[in-house]
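The values are calculated or read from the model by the stated rules, or taken from the named source; none is laboratory data. Computed from a predicted model, the values in this text were never measured in an experiment. Cβ: placed from backbone, ideal geometry, glycine included. Neighbour counts: every protein chain shown. Ligands, DNA and RNA are excluded from the accessible area calculation, which covers all protein heavy atoms including side chains. Shrake-Rupley method; radii C 1.70, N 1.55, O 1.52, S 1.80 Å.
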Amino acid sequence: MTDQFLSVLGGRDSSEAAALKQVSATPPMLHRPGAVRSNTRPFVRNAILASASLQELAVIGEYLEPVVLRERIVLQEPKRPLDHIYFIEAGLISLRIVSAGSVLETALMGHRGAVGASLLAGGHLATRQSVVLVPGSAHRILVEDLGRVLPECSDIREHLVHYAQAQNLHCAQTGLCGIRHDRETRLACWLCLASDALNADILPITHDYLSSMLGLRRPGVTETLIRFEQRGLIRKTRGMLHIEDRQRLEHAACSCYKLIAGAYAPTGTPISAIDSACGGLESQFSSL
């Protein structure tokens, strides 16, 4: 599988290679677990796979296929059955609601997640569109193959369900945020969440994208980012946003950031922390 993955990466053009180099200095790869004979853990960046035991990686690894995620590729369409589950290794995925020609982003996904995880939480058809925003890589598995191996992979199943629940909270909180919070705090929240998902402080994002996906006027987005730069929170270059002071940017974000980040905390995190995130969401809805 390693040789197959490297051959796929070799077909990438120079612009995509440069983009990937920015989000990860180490090329992501997964050795075929079934061929592993030592106690060394295969290298995976995806948090769900990385949390599994060597035994579970050996089981699921036989069915994983490495793929390159090119910018703007649609991995999931709403109201259509999903053929594959994608465990994201690198890059950034935008989850969107598409209706009557309008598009609104509801969540972001990076190396912590899996496109299609919602199927494990009881869904049958996708409700959102998943589009590659920043190019990267993933390991995909056919839905029927995943269903076949999950009984032997309790850790992976647990982490998939946990991620799906966190993603549902993320989408719900985004809807509330768009109604209740101002432009500045929403933009700060988005930048922090994108940085977490991409695992990087350099975001290849344009003002036009932020305007269209967050439902904000472009001049207002530009004005807010200029203020962020004047305060030393970010630095703008052409087509890029550099986060300069992450701690202060988090302070500038609305309360949604901590709620969403808390929901994505690893399953080993005390349950009180996750309950706190979910409870905060419920209390905000009850106040409407």
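In terms of accessible area, using a 1.4 Å probe and ignoring ligands and nucleic acids, T224, T206, T127 rank largest first as T127, T206, T224.
Spin-label model, Y63 to Q230: label points 7 Å out along the Cα-to-beta-carbon direction sit 5.6 nm apart. Legend: calculated FRET efficiency, L150 to H251, from the Cβ-Cβ distance at R0 = 30 Å, rounded to 0.05, equals 0.15.
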